[in-house]
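Engineer: One structure follows; several queries about it will come next.
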Amino acid sequence: MTTENREYTGKRVLVTGGSKGLGLAMATRFAAAGADVIVGARSAPPASLDATHIPADLSTPDGITAFASAVLKGGPVDVVVQNAAALSTQAPSLEIPDDAWVADLALNFLGIVRLDRALVPSMIERGRGVVVHISSISSHFPQPGQASYAASKAALNAYSRTLATEVSPAGVRVVNVLPGFILTDGAAKSLGQTAEENGISLEQMQENIVNHLGIPMRRPGTPEEAAEMVAFLASDRASWVTGAEYRIDGGIIPTF
């Protein structure tokens, strides 16, 4: 990870879901590059992260209104990274209850739309800004039992492309990042429990998933690798990039 470049000095960067996992890696990467980082999450990030934590409930309109107001009190935001997401219920598609569909769409899709609605207008007024939506390769390569999550991410993809065409003339870029199998601490813990239940090692469990997904690079990705892509796409180095989807999946999906 390149941290010598302080290209985000003087910029405010918001990362939702930034207290752990992939979000924490992204918040850490931006902070290392000099950004004034705001983490929006229910729980606080580690004290070692140089960031401002604003508690956030991004699943309801009122929660998003209150959160956006608190963010903008500190001034305009230069980069918004919308990473917060969840899978409510893992079950066969025809057995997923309505409340699980509603919950996943409320956070993973409508929550992003609502927060953009609150924050992007100030970017348009200033004539600059970057919005990064964190989608998932499941939007193109859905796994059994995760239909509500995959559908919410597929909706996010279409929305991201549309928003980009609308706000890019005003100087605001929108990019969409689709992570694959990223081995976060949470994922490693969950896989470790499953591995123990099946009497195999964590390494064997990871290899099983890699084989199941058919990852050409033969390993899961790291949160830092995904964070590096996000840091690049949000930077001035990618100043002519907008409306595009970027997969970081080790080659699972060869083409769209």
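Engineer: Arrange Lys153, Lys73 by Cβ neighbour counts within 10 Å, fewest through most, would you? Let's see the in-between values first.
Structural biologist: Details: Lys153 25, Lys73 8.
Fewest-to-most Cβ neighbours within 10 Å comes out as Lys73, Lys153.
Engineer: Determine the equivalent ellipsoid of the chain by diagonalising the alpha-carbon gyration tensor, then write out the semi-axes as square roots of 5 times the eigenvalues, largest first, rounded to whole Å. Walk me through the numbers before you get to the answer.
Structural biologist: On the way: eigenvalues 165, 85, 68 Å².
Taking √(5λ) for each eigenvalue gives 29, 21, 18 Å, largest first.
Engineer: Excluding residues fewer than 8 places away in the same chain, name every one of the lysines whose C-alpha is closer than 19 Å to that of Lys189.
Structural biologist: Cα-Cα hits under 19 Å: Lys20.
Engineer: Run the reach check for Lys73 against lysines, Cα to Cα strictly under 16 Å, same-chain hits fewer than 8 apart removed. What comes back?
Structural biologist: Lys11
Engineer: Right, next: Suppose each label sits 7 Å from its Cα in the direction of the beta carbon; what would the Asn211-Leu183 distance come out to in nanometres?
Structural biologist: Reported label-point gap for Asn211 and Leu183 is 1.6 nm.
Engineer: Per DSSP H run of n ≥ 4, the term is -39500 (n - 2.57); total these for the chain, divide by its residue number, and report the mean residue ellipticity at 222 nm rounded to 500 deg cm²/dmol.
Structural biologist: -13000 deg cm²/dmol, from helical runs alone.
Engineer: A further question on this structure: Exposure proxy check: Thr165, Thr89 ranked by fewest other beta carbons within 10 Å?
Structural biologist: Going from least to most buried by this count: Thr165, Thr89.
Engineer: Let me ask something else. Over all directions, how big on average is the projection of the convex hull of the alpha-carbon atoms in the stretch 53-179, in square nanometres?
Structural biologist: Values: hull surface 30.8 nm².
Value for the stretch 53-179: 7.7 nm².
Engineer: Using Cα atoms only, what is the angle between the long axis of helix 147-167 and the major principal axis of the chain, expressed in degrees (0 to 90) to the nearest 10?
Structural biologist: Helix 147-167 sits at roughly 30 degrees to that axis.
Engineer: Under the Karplus relation 6.51 cos²θ - 1.76 cosθ + 1.60, θ = phi - 60°, what is the ordered set of whole-Hz ³J(HN,Hα) values for the stretch 56-67, x standing for Gly and Pro?
Structural biologist: 9, 10, 9, 9, 10, x, 5, x, 5, 4, 5, 5
Engineer: For Val81, which sequence-distant residues (separation of 5 or more, or a different chain) have an amide H within less than 5 Å of its own amide H, given hydrogens modelled in the peptide plane?
Structural biologist: Those lying under 5 Å, H to H, from Val81 are Leu14, Val15, Thr16, Val132.
Engineer: Kindly state, to the nearest 0.05, the FRET efficiency for Ala158 paired with Ser93, given R0 = 25 Å and r defined as their beta-carbon distance.
Structural biologist: On the way: r = 20 Å, r/R0 = 0.79.
Once the sixth-power term is evaluated, E becomes 0.80.
Engineer: While we're here: Give me, ordered by chain and number, the residues 5 or more places off Ala86 or on other chains with an amide H under 5 Å from its own placed amide H.
Structural biologist: Sorted by chain and number, the residues that satisfy this are Asn108.
Engineer: If the convex hull of the alpha-carbon atoms of the stretch 183-248 is projected onto planes in all directions, what is the mean projected area in square nanometres?
Structural biologist: Dividing the Cα hull surface by four gives the mean projection, 5.5 nm².
Engineer: Within the stretch 193-256, list the trypsin sites (Lys or Arg not before Pro) lying in a DSSP loop whose Cβ has at most 11 other Cβ atoms in a 10 Å radius. Can you show the working numbers first?
Structural biologist: Numbers: sites: Arg218, Arg237, Arg247; in loops: Arg218.
Filter output for the stretch 193-256: Arg218.
Engineer: Using only alpha carbon pairs under 8 Å that are at least six residues apart, calculate the relative contact order of the chain and give it in whole percent. Walk me through the numbers on the way to the answer.
Structural biologist: Numbers: 484 pairs, mean separation 47.9, N = 256.
Relative CO of the chain lands at 19 percent.
Every read-out reported here was derived from the displayed coordinates using simple, explicitly stated rules and does not represent laboratory data. Everything numeric here is computed off the predicted structure, so don't read it as measured data. Note: ideal-geometry Cβ built from the backbone for every residue, glycine included; neighbour counts use all protein chains shown.
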